[in-house]
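**Q** Sharing a structure, written as structure tokens. Questions coming.
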Amino acid sequence: MSESFTFYIDGVPVEAAPGMTILDAAQAAGIWIPRLCWHEELEPFGGCRVCTVKMNGRSCAACTQPAEPESVVENDSVALREWRKALVELLFAEGNHFCMACEKSGSCELQALAYRLGIAAPRFEHRWQAREVDASHADVLIDRNRCILCARCVRASRDLDGKNVFGFTGRGPERRVAVNSDARLRDTDLDVSDRAVDICPVGAIIRKGVGFTVPIGARRYDGAPIGSDVESANDELESANEHTEGGAAATVRQEE
Ligand code: FES
């Protein structure tokens, strides 16, 4: 069996097994690297570049780049925070995101990331493109105005649901999520219980009739910023280590 190794994220030693990505190793160590297209149930895609870090001075996507022994990774620097901020701001400018009126508000990863990165007001000119809303399915709606092209639905439908309901069509600014039917969502074999329905990080694919089941103020990111679940796991780890080390030290002192 191959040996695990150590590398460094912002000076903190992190253990990794061969083949682990930087993001996976960081996650296991309680270090949060911002991300949008990554999802723990899916193969990494490397599409959004929000997880960009520098490994030994070279930019790479933390979700696809394998960790390397003794490598030095920069994650939480001013330059990288600014880079991620610009990327997220461009996503807002490129789509039509009206958070105040969106059912996903408070549970939306894009919105939560914008708050965490300190985005307060538009910096780039919005494109205000006309995008199609498909409400034809009895239980599920697609609002392409909110889509960030992360491909989570595409990968989940293919790899988790075994269906290929979603794909992409068009190029550049015209790129859109499409369904595997010439017509509408209702003509596909999408079921409301499909993983592809709930895996959308924004409000582009949503279940009908449940938008406000959880009230505003009680939603996932209303009480704690995005990434705090990963970081609090680290706090618990550190506190457990302190207790273990403290306990061990106390035992040694008693024995002395
Ligand atoms: Fe790594 Fe999107 S999370 S590229």
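**Q** For segment 155-198, name all the residues that are of a type in the set (A, V, I, L, M) and more than 13 Å from Val140 (Cα to Cα).
**A** Ala156, Leu160, Val177, Ala178, Ala183
**Q** Continuing with the same structure: Check whether at least one residue in segment 5-17 is hydroxyl-bearing (Ser, Thr, Tyr), part of a loop (DSSP other than H, G, I, E, B) and more than 16 Å from the ligand (Cβ to nearest atom), and report yes or no.
**A** no
**Q** Same structure, new question: Only one of these is of a type in the set (A, V, I, L, M, F, W, C), over 20 Å from Ala16 (Cα atoms) and at pLDDT 95 or above: Val72, Val88. Name it.
**A** Just a single option satisfies the conditions, and that option is Val88.
**Q** For segment 28-47, check the following and say yes or no: at least one residue is more than 14 Å from the ligand (Cβ to nearest atom), free of Cβ contacts under 8 Å to residues at least 40 places away in the same chain and surrounded by fewer than 21 Cβ atoms within 10 Å (Cβ to Cβ).
**A** For segment 28-47, residues more than 14 Å from the ligand (Cβ to nearest atom), free of Cβ contacts under 8 Å to residues at least 40 places away in the same chain and surrounded by fewer than 21 Cβ atoms within 10 Å (Cβ to Cβ): present.
**Q** Among the residues of segment 200-214, how many are in a strand (DSSP E or B) and exposed (fewer than 13 other Cβ atoms within 10 Å of the Cβ)?
**A** 0
**Q** Tell me, which strands (runs of 3 or more DSSP E) lie completely within segment 48-99 with 1 or more residues that are within 15 Å of the ligand (Cβ to nearest atom) and surrounded by fewer than 20 Cβ atoms within 10 Å (Cβ to Cβ)?
**A** It comes to 52-55, 58-61.
**Q** Out of Ala138, Ala114, Ala86, I need the residue that is of a type outside the set (D, E, K, R), in contact (Cβ under 8 Å) with a residue 40 or more places away in the chain and out of contact with any strand residue (DSSP E or B) (no Cβ under 9 Å at 6 or more places or on another chain). Which one?
**A** Result: Ala138 is the single residue among Ala138, Ala114, Ala86 that is of a type outside the set (D, E, K, R), in contact (Cβ under 8 Å) with a residue 40 or more places away in the chain and out of contact with any strand residue (DSSP E or B) (no Cβ under 9 Å at 6 or more places or on another chain).
**Q** Residues that are out of contact with any strand residue (DSSP E or B) (no Cβ under 6 Å at 6 or more places or on another chain) and within 22 Å of Glu43 (Cα to Cα): does segment 93-108 have at least one?
**A** There is at least one residue in segment 93-108 that is out of contact with any strand residue (DSSP E or B) (no Cβ under 6 Å at 6 or more places or on another chain) and within 22 Å of Glu43 (Cα to Cα).
**Q** Tell me, yes or no, whether segment 118-136 has at least one residue that is in contact with a Ser or Thr (Cβ under 8 Å, 6 or more places away or on another chain) and either closer than 21 Å to Val50 by Cα or in a loop (DSSP other than H, G, I, E, B) (or both).
**A** Among the residues of segment 118-136, not one is in contact with a Ser or Thr (Cβ under 8 Å, 6 or more places away or on another chain) and either closer than 21 Å to Val50 by Cα or in a loop (DSSP other than H, G, I, E, B) (or both), which makes the answer no.
**Q** So is Arg176 more than 20 Å from Arg35 (Cβ to Cβ), in contact with a Gly (Cβ under 7 Å, 6 or more places away or on another chain), surrounded by fewer than 18 Cβ atoms within 10 Å (Cβ to Cβ) and touching a residue at least 40 places away in the same chain (Cβ under 8 Å) or not?
**A** yes
**Q** Filter segment 27-59 down to the residues that are hydrophobic (A, V, I, L, M, F, W, C) and touching a strand residue (DSSP E or B) at 6+ places or on another chain (Cβ under 6 Å), then identify the one that is farthest from Val230 (Cα to Cα).
**A** The qualifying residue farthest from Val230 (Cα to Cα) is Met55.
**Q** For Glu103, are the conditions met, namely being assigned to a loop (DSSP other than H, G, I, E, B) and exposed (fewer than 15 other Cβ atoms within 10 Å of the Cβ)?
**A** It is false that Glu103 is assigned to a loop (DSSP other than H, G, I, E, B) and exposed (fewer than 15 other Cβ atoms within 10 Å of the Cβ).
Let's see how each residue does on (1) farther than 27 Å from Pro215 by Cβ; (2) over 21 Å from the mean Cα position of the chain (by Cα):
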| position | (1), (2) |
| --- | --- |
| Leu110 | no, no |
| Leu113 | no, no |
| Asp139 | no, yes |
| Asp143 | no, no |
| Ile148 | no, no |
| Arg158 | yes, no |
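**Q** Something else now. Only one of these is at pLDDT 95 or above and surrounded by 19 or more Cβ atoms within 10 Å (Cβ to Cβ): Val192, Val197. Name it.
**A** Among Val192, Val197, only Val197 is at pLDDT 95 or above and surrounded by 19 or more Cβ atoms within 10 Å (Cβ to Cβ).
The values are calculated or read from the model by the stated rules, or taken from the named source; none is laboratory data. All values derive from a computational prediction rather than experimental measurement. Cβ atoms come from the backbone with ideal geometry, glycine included; neighbour counts cover every protein chain shown.
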